[in-house]
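The values are calculated or read from the model by the stated rules, or taken from the named source; none is laboratory data. This one's a predicted model, so the numbers in the text were calculated from it and none came from an experiment. Virtual Cβ from ideal backbone geometry, glycine too; neighbours counted across all protein chains shown. What goes into the accessible areas is simple: the full protein's heavy atoms, side chains included, and nothing from ligands, DNA or RNA. Shrake-Rupley method; radii C 1.70, N 1.55, O 1.52, S 1.80 Å.
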Protein chains: 4
Amino acid sequence: ITHWVLTLVCADGPGIVHAISGAVVAAGGNITESQQFSSADTGRFFMRLQVETTTGREEFESALRPVTERYDMTWQLDVVGRPLRTLVLASTAAHCLNDLLFRQRAGQLPVEIPLVLSNHGTLRDLAGFYGVPFESIPVTDAASKALFEERVVQAVEEHTIELVVLARYMQILSPELCERLSGRAINIHHSFLPGFKGANPYKQAHARGVKLIGATAHFVTSDLDEGPIIEQNVVRVDHSRSASELVAIGQDEESRTLTQAVKWFAEDRVLLDGARTIIFR
Amino acid sequence: ITHWVLTLVCADGPGIVHAISGAVVAAGGNITESQQFSSADTGRFFMRLQVETTTGREEFESALRPVTERYDMTWQLDVVGRPLRTLVLASTAAHCLNDLLFRQRAGQLPVEIPLVLSNHGTLRDLAGFYGVPFESIPVTDAASKALFEERVVQAVEEHTIELVVLARYMQILSPELCERLSGRAINIHHSFLPGFKGANPYKQAHARGVKLIGATAHFVTSDLDEGPIIEQNVVRVDHSRSASELVAIGQDEESRTLTQAVKWFAEDRVLLDGARTIIFR
Amino acid sequence: ITHWVLTLVCADGPGIVHAISGAVVAAGGNITESQQFSSADTGRFFMRLQVETTTGREEFESALRPVTERYDMTWQLDVVGRPLRTLVLASTAAHCLNDLLFRQRAGQLPVEIPLVLSNHGTLRDLAGFYGVPFESIPVTDAASKALFEERVVQAVEEHTIELVVLARYMQILSPELCERLSGRAINIHHSFLPGFKGANPYKQAHARGVKLIGATAHFVTSDLDEGPIIEQNVVRVDHSRSASELVAIGQDEESRTLTQAVKWFAEDRVLLDGARTIIFR
Amino acid sequence: ITHWVLTLVCADGPGIVHAISGAVVAAGGNITESQQFSSADTGRFFMRLQVETTTGREEFESALRPVTERYDMTWQLDVVGRPLRTLVLASTAAHCLNDLLFRQRAGQLPVEIPLVLSNHGTLRDLAGFYGVPFESIPVTDAASKALFEERVVQAVEEHTIELVVLARYMQILSPELCERLSGRAINIHHSFLPGFKGANPYKQAHARGVKLIGATAHFVTSDLDEGPIIEQNVVRVDHSRSASELVAIGQDEESRTLTQAVKWFAEDRVLLDGARTIIFR
């Protein structure tokens, strides 16, 4: 028996659920989880199903095809729990990478990480402890940046990467790379976003005496820090916290927010509806 | 066009979604919201649909009947947003009643309240301000308690009451009345439940120096404070709070937790799965 | 016996606590609560004391004066629990005003409200239920706006107002009025601030698919929505919430955030440190 | 210049703050942080000061002694940021140990860990990665349990241990060891405490359909899971989570709650007031 996860998106209209559930029945499947959403904003219909069948992939796809074609669906069929091939980019901060690797090993995060790529060597030992290959390419100017990004593109192909995670990777990706990775690269942004933009947001937050600080995980787009939001968390702070304490507090939020976003993405729970995400938790 | 809400429960198995969605199609309906859950604990299948049709109730029910009968479903068809006929029981504390009445008037809570019944006269003016009839029957002994409960039963019939809300009603209901109101009476319990039981939980919580206090809204059962949980909230406190400050803080959690539970129930979002609730938010 | 609250601010340096506590001892006082903070940003020292004495105000002030003069302190001596004379400005939205009035009556908010002033008549009955005088002055153009603000200034003097609360008052105050009320006017801002600015932030928040929405209570300054932050709260939302549902959810955060800020201010727990607030909870 | 942290506890009464601040002035000290609390429950006065002086320890203690003797104070003078010598007990679950070690190395947790002691070998590599000595002693019967506890006692003396952390150590300590470690051993308890007791609380929580699960860090006492509470956290869950998912979610709360409690203890922010803790955050 196989446990499938099926996601699909199409223009909204009557009869879709009936048609899809009919195809599932035809394939001898039993729906174990089902979520759907009709977007009033874009008129799109979104669905995520988990289905148990004894049917093979080909047969299941044949049963689905008449429906997916009739409704002109964008769809994807995957096996529940299959580890997503994930490339992690990092710089020197360890907290996000540590959380990803620890949870991956603990069996809480369905990803496999064939490579960590960094513009510094700082995190080599951490990756090594978890048995994950690590490469560092210094980024100091336009040429070395181009070199780094070439290696990203190459690694994505070499390892058939499905998701690129920027785990506090402190370089801005070129518009070309953003475009190429569109919808499959996740960034974590310290502070609260939208909110303080530009350099040193914790210092700005401290100066304004904010009472809440947090983190936002979002898809990478060429419009810096403006991609569709996947997850946000905040935590309460008070006037007695220095800017550097805010950083430490914020890092906890960054780790758990990024890991949560990666987990949902790896479980096919994140769908795009224009500038918004649909999260089927 | 009518916007229906359909809830149904049956033994889990393949084909249910297809059958139900087929009946919806047959009735010319369009599914606008759909949630389902298969309980691994009890083997039950739960579904909540919102459906837009131009069909009348009779015709819609005819389309559904073959499916509901085949799968031996418990089901209910209602109109989205129809105010639920709600009886509120209260004593002297105003915070829960005030929140219910304010939100009802503000259009945030789809209930109508034909009567507030209390064992004290304290809240008469508050009910009056919102134009809600108010009766008080003192409860001082077994006889007067029986009288009060008789009035509850009578009011439930007289006003075709669908939900009884114990908004800090400080008397224990008799097992007979609990039984009679089973699945349609909601209580709010201060403190954290399960947790400190019996008298003065805030004092107990203070003495133990708890760092979180909260409230639980649950269905009324004859087993005191042990009914299926609908909603819980907590808030952080510290050592500097006196027991009476904990009470004030806790009351905020009580109000918002009870109102939330009533809102979900009124929107047909609360289903029972043995000792647990399924909440289709 | 009197329970005093003493707040003081001065340039930081050694010996201040010893000097102040000496003055308290000299006045026969017993410190029941004490909080202090040294701002690394501004070099200011902040202190809030609660002191029990049998001494009268004059005698207590005499004991304090040598110290407050030596350290060039800004200070204030008040009686714990004295209701703060508070003017509320409102428009048509009831949620904030209702929360303030309900808690004031419930004894949870140490304010007295001699007047609610509105640019609409909508909330007259609500104020009336709580026995609070209500006046409405339509604001439709520059002239009527000037009239409204004149009435504010007049009411502040007439009732010796200590705090002006903008409880969803939907007009922008003139820079002159902001200046005049500086440090004693609190506004509540929907959405998350800093964050989406300008018109219809909930719609913007919806379009970006934010996962958290909230409210910020801040001092009124002429720089719109940029005054020192007193309190912030957020609540989790998901893609299924419409913009209007976000508004309803946000209103809950607005009410509780504003009431909390007013409570702290009325208890002399809010001190200004440049663009930041020190909150002695 | 040295940055001291001074904590003291005595019977409450007038003049204490003045006397202590006088001693600080006499020692040429400048108070940089100060918190105090008078317990209405026990009549005890609690204070935590951070003081900068150029004075040595002996001289500072001499300045304090007249005051600490006059008021019969329990007191402690330490250097801010000095790493606390900490022994960690663990079993097989890695999440708490990982979080402690990662944050210790990241400079966020002022402890030094000379030894991890476990009844299993599972976590040897994790400790090794962080360069922390690891010993395992199987506990299978009364005799081996006695052996394990003897090693604990010995290690406490050998390494002058100041804090013992039970990082999901799954054995119950003997009453004798609890007694011996009283006030310097911290345990983390899954689930919500007080709440479900005994075996498999997550399963119980699942069966009751709780909407919040969490963790409590508390001092170890011989009364199992009933020691003074240091910190608590909760997170929201819903009906769709299986018992094993609740475990994973709960582990996150366990890690962060335990680490927070250890941090506060290591910073001398946790004082005991009968069955309660005073936390000077």
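Residues of the stretch C:149-165 that are open to solvent by 10 Å² or more (accessible area, probe 1.4 Å) and not in a loop (DSSP other than H, G, I, E, B): C:GLU149, C:GLU150, C:ARG151, C:VAL153, C:GLN154, C:VAL156, C:GLU157, C:GLU158. Every test in (1) surrounded by 22 or more Cβ atoms within 10 Å (Cβ to Cβ); (2) more than 10 Å from every other protein chain (Cβ to nearest Cβ); (3) farther than 24 Å from D:ARG82 by Cα is passed by D:CYS10 save one, and that test is (1). Residues in the stretch A:1-34 that are closer than 17 Å to B:MET47 by Cβ and part of a strand (DSSP E or B): A:ASN30, A:ILE31, A:THR32, A:GLU33, A:SER34.
Considering only the stretch D:208-226, state which residues are open to solvent by 50 Å² or more (accessible area, probe 1.4 Å) and either more than 27 Å from D:GLU179 (Cα to Cα) or of a type in the set (A, V, I, L, M) (or both). The one that is open to solvent by 50 Å² or more (accessible area, probe 1.4 Å) and either more than 27 Å from D:GLU179 (Cα to Cα) or of a type in the set (A, V, I, L, M) (or both): D:LEU224. When A:GLN76 is tested against the conditions (1) under 22 Å from A:ILE161 (Cβ atoms); (2) in contact with a helix residue (DSSP H, G or I) (Cβ under 6 Å, 6 or more places away or on another chain); (3) not hydroxyl-bearing (Ser, Thr, Tyr), the lone failure is (2).
Against the test of being open to solvent by less than 40 Å² (accessible area, probe 1.4 Å), more than 22 Å from C:ALA19 (Cβ to Cβ), away from every other protein chain (no Cβ under 12 Å) and not acidic (Asp, Glu), the options D:VAL5, D:VAL80 yield a single qualifying residue, D:VAL5. Would you confirm, using the coordinates I've provided, whether A:ASP268 is within 14 Å of chain C (Cβ to nearest Cβ) and among the acidic types (Asp, Glu)? Against the criterion (within 14 Å of chain C (Cβ to nearest Cβ) and among the acidic types (Asp, Glu)), A:ASP268 does not qualify.
Suppose the filter is within 18 Å of the chain's Cα centre (by Cα) and of a type outside the set (S, T, N, Q); does B:GLY107 pass it?
Spelling it out, B:GLY107 is indeed within 18 Å of the chain's Cα centre (by Cα) and of a type outside the set (S, T, N, Q).
Just one of the listed residues (B:GLN104, B:GLN108) is farther than 30 Å from B:LYS145 by Cβ and either at pLDDT 95 or above or open to solvent by 30 Å² or more (accessible area, probe 1.4 Å) (or both), and it is B:GLN108.
Here D:LYS203, D:LYS263 are screened, and the one residue that is open to solvent by 50 Å² or more (accessible area, probe 1.4 Å), of a type outside the set (Ser, Thr, Tyr), under 28 Å from A:ASP99 (Cβ atoms) and more than 18 Å from the chain's Cα centre (by Cα) is D:LYS203.
Flag: D:SER118 does not match the condition of being surrounded by 15 or more Cβ atoms within 10 Å (Cβ to Cβ), without any contact (Cβ under 8 Å) to a residue 24 or more places away in the chain and of a type in the set (Gly, Ala, Ser). Considering the stretch B:15-47, and only residues there that are free of Cβ contacts under 8 Å to residues at least 24 places away in the same chain, open to solvent by 30 Å² or more (accessible area, probe 1.4 Å) and of a type in the set (A, V, I, L, M, F, W, C), the residue that is nearest to A:GLN36 (Cα to Cα) turns out to be B:VAL25. Checked against (1) more than 13 Å from chain A (Cβ to nearest Cβ); (2) at pLDDT below 90; (3) more than 28 Å from B:ALA248 (Cβ to Cβ), C:GLU179 passes all but a single condition, namely (2). Report, by residue number, each residue of the stretch D:142-155 that is β-branched (Val, Ile, Thr) and within 11 Å of D:LEU89 (Cβ to Cβ). D:VAL152, the sole residue that qualifies. If you take the residues in the stretch C:232-252 that are within 11 Å of chain A (Cβ to nearest Cβ) and closer than 21 Å to A:ARG236 by Cβ, which one is surrounded by the most Cβ atoms within 10 Å (Cβ to Cβ)? Selected residue: C:GLN232.
The residues of the stretch B:197-215 that are more than 8 Å from chain D (Cβ to nearest Cβ) and under 23 Å from B:ILE279 (Cβ atoms), listed by number, are B:ILE213, B:ALA215.
Of all the numbered requirements in (1) modelled with pLDDT of 95 or more; (2) surrounded by fewer than 19 Cβ atoms within 10 Å (Cβ to Cβ); (3) facing chain B (nearest Cβ under 9 Å), A:GLU58 misses one, and that requirement is (3).
Yes or no, residue by residue, for (1) over 30 Å from C:CYS96 (Cβ atoms); (2) within 12 Å of chain C (Cβ to nearest Cβ); (3) assigned to a strand (DSSP E or B); (4) in contact with a strand residue (DSSP E or B) (Cβ under 9 Å, 6 or more places away or on another chain):
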residue	(1), (2), (3), (4)
B:LEU87	no, no, yes, yes
B:THR92	no, yes, no, yes
B:ASN98	no, yes, no, no
B:LEU101	no, yes, no, yes
B:GLU112	no, no, yes, yes
B:GLY128	no, yes, no, yes
B:VAL132	no, no, no, yes
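In the set (1) over 22 Å from B:THR277 (Cβ atoms); (2) assigned to a strand (DSSP E or B); (3) hydrophobic (A, V, I, L, M, F, W, C), the condition left unmet by B:ALA143 is number (2).
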